[in-house]
Amino acid sequence: MLNLNMDIQTEKISLVKRLLDTDDEAILQQVKDVFEHNEKDFWNDLPEHVKAGIERSRKQAKDGMLTPHDEVMKKYAKYL
């Protein structure tokens, strides 16, 4: 638990210092595992219209309705 007298930024700085000071590979792996297993799934936070657009794009890709990258770049190069 966080020390109630310490704000979150101070606690994060303290943890970063400890992380930088360690050469213990097991600790580093444990920290990595914590982050990888606790990553929030952003999908649930997306608005419905964004989810619908992503799903539409996935279907288009599955159906082969893709434009090669080089063609897109040629078409829009004048805007870049």
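Computed quantities for the displayed model
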{"item": "For the stretch 1-75: lysine pairs under 16 Å (alpha-carbon distance), excluding those fewer than 8 apart on one chain", "result": "4"}
{"item": "Compactness of the chain as Cα Rg over 2.2 N^0.38 Å, two decimals", "result": "1.90"}
{"item": "Unit charges on C-beta of K, R, D, E only; dipole of the chain, Debye", "result": "700"}
{"item": "Using θ = phi - 60° and Karplus 6.51 cos²θ - 1.76 cosθ + 1.60, couplings along the stretch 48-56 (whole Hz; Gly, Pro as x)", "result": "4, 5, 6, 4, 4, x, 5, 4, 4"}
{"item": "Rounded to whole Å, sorted largest first: equivalent-ellipsoid semi-axes of the stretch 39-80, Cα gyration tensor", "result": "27, 15, 9"}
{"item": "Accessible area expressed per residue, the chain, with surrounding protein chains retained (probe 1.4 Å, Å²)", "result": "98"}
{"item": "Per-residue [θ]222 nm for the chain (sum of -39500 (n - 2.57) over DSSP H runs n ≥ 4, rounded to 500)", "result": "-19500 deg cm²/dmol"}
{"item": "Percent carbon-and-sulfur accessible area, the chain, ignoring ligands, DNA and RNA, probe 1.4 Å", "result": "57"}
{"item": "Listed residue (L20, H37, H69) projecting farthest to the positive dipole end of the chain, Cβ model", "result": "H69"}
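The values are calculated or read from the model by the stated rules, or taken from the named source; none is laboratory data. It should be emphasised that the depicted structure is a prediction, and the values quoted were computed from it without experimental measurement. Backbone-built Cβ (ideal geometry, glycine too); neighbour counts: all protein chains shown. These accessible areas exclude ligands, DNA and RNA; they are computed on the full protein's heavy atoms, side chains included. Shrake-Rupley method; radii C 1.70, N 1.55, O 1.52, S 1.80 Å.
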